[in-house]
1. Scan region 44-88 residue by residue and report those that are without any contact (Cβ under 8 Å) to a residue 60 or more places away in the chain, within 14 Å of residue 30 (Cα to Cα) and in contact with a Ser or Thr (Cβ under 9 Å, 6 or more places away or on another chain).
2. Before we move on, is residue 22 within 24 Å of residue 78 (Cα to Cα), in contact (Cβ under 8 Å) with a residue 60 or more places away in the chain and either under 15 Å from the mean Cα position of the chain (by Cα) or open to solvent by 40 Å² or more (accessible area, probe 1.4 Å) (or both)?
3. Could you grab me the full set of residues in region 117-146 that are farther than 19 Å from residue 48 by Cβ, open to solvent by 40 Å² or more (accessible area, probe 1.4 Å) and in a helix (DSSP H, G or I)?
4. Kindly indicate which of 66, 57, 94 is aliphatic (A, V, I, L, M), open to solvent by 30 Å² or more (accessible area, probe 1.4 Å) and either assigned to a helix (DSSP H, G or I) or in contact with a Cys (Cβ under 7 Å, 6 or more places away or on another chain) (or both).
5. Across region 69-91, what is the number of residues that are under 27 Å from residue 4 (Cβ atoms) and either open to solvent by 60 Å² or more (accessible area, probe 1.4 Å) or not β-branched (Val, Ile, Thr) (or both)?
6. Taking region 103-116 as the search range and keeping residues that are open to solvent by less than 60 Å² (accessible area, probe 1.4 Å) and more than 27 Å from residue 53 (Cα to Cα), which one is modelled with the lowest pLDDT?
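The values are calculated or read from the model by the stated rules, or taken from the named source; none is laboratory data. Here the structure is a predicted model, which is why all the values come from computation and not from measurement. Backbone-built Cβ (ideal geometry, glycine too); neighbour counts: all protein chains shown. Note: accessible area is taken over every heavy atom of the protein model, side chains too, but ligands, DNA and RNA are not part of it. Shrake-Rupley method; radii C 1.70, N 1.55, O 1.52, S 1.80 Å.
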Amino acid sequence: MSDAEASLRAAMVAARKAQDRERTLVLSTAIAALDNRRLELGRPLADGDVTEVLRKAIKQREDAAAQFRQGGRADLVGREEGQIRVLAEFLPPAVDPEEVRAAVRAAIAGGATDLGKVMGRVLPAFKGRADGRLVNQIAREELEAG
């Protein structure tokens with residue numbers, strides 16, 4: 001079991017002992033998603049796999065919060081945002097955007113001339129540490145800047 005997964009499981013046990021129903025629910029849902037991912041892969045999860053599952057869960061909640069916001073359901077928006085905060089506690093620290101920008105510039109200097117090639121070179125280096133949307137945005141900016 002990876003360190004990230006072990007810390008998630010320990011946090012869930014602590015939440016259960018504290019009788020924190022919301023936190024327990026969020027963490028148990030995340031652990032179920034991890035178990036499903038382990039079955040899909042057929043191997044133990046690495047920290048990067050755990051991060052990927054957590055980011056997906058956060059993205060789902062962000063999408064739900066946006067829809068609730070459009071529907072005028074502030075109570076449900078608050079619940080989703082609370083779940084996002086709980087899950088974000090278990091993500092590794094975010095990469096500095098300037099580090100991403102430097103990697104994008106290096107990829108462009110190395111001959112990557114379109115967005116797909118830049119993303120193909122840069123994204124694997126930041127997998128699990130940087131949001132793909134951020135990398136995409138920076139790549140677009142640098143390609144436009146020439």
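1. 45, 49, 50, 57, listed by residue number.
2. yes
3. If the condition is that a residue be farther than 19 Å from residue 48 by Cβ, open to solvent by 40 Å² or more (accessible area, probe 1.4 Å) and in a helix (DSSP H, G or I), then 117, 136, 137, 140, 141, 143, 144, 145 are the ones that fit.
4. Being aliphatic (A, V, I, L, M), open to solvent by 30 Å² or more (accessible area, probe 1.4 Å) and either assigned to a helix (DSSP H, G or I) or in contact with a Cys (Cβ under 7 Å, 6 or more places away or on another chain) (or both) holds for just one of 66, 57, 94, which is 66.
5. 12
6. Within region 103-116, the match that is modelled with the lowest pLDDT is 112.
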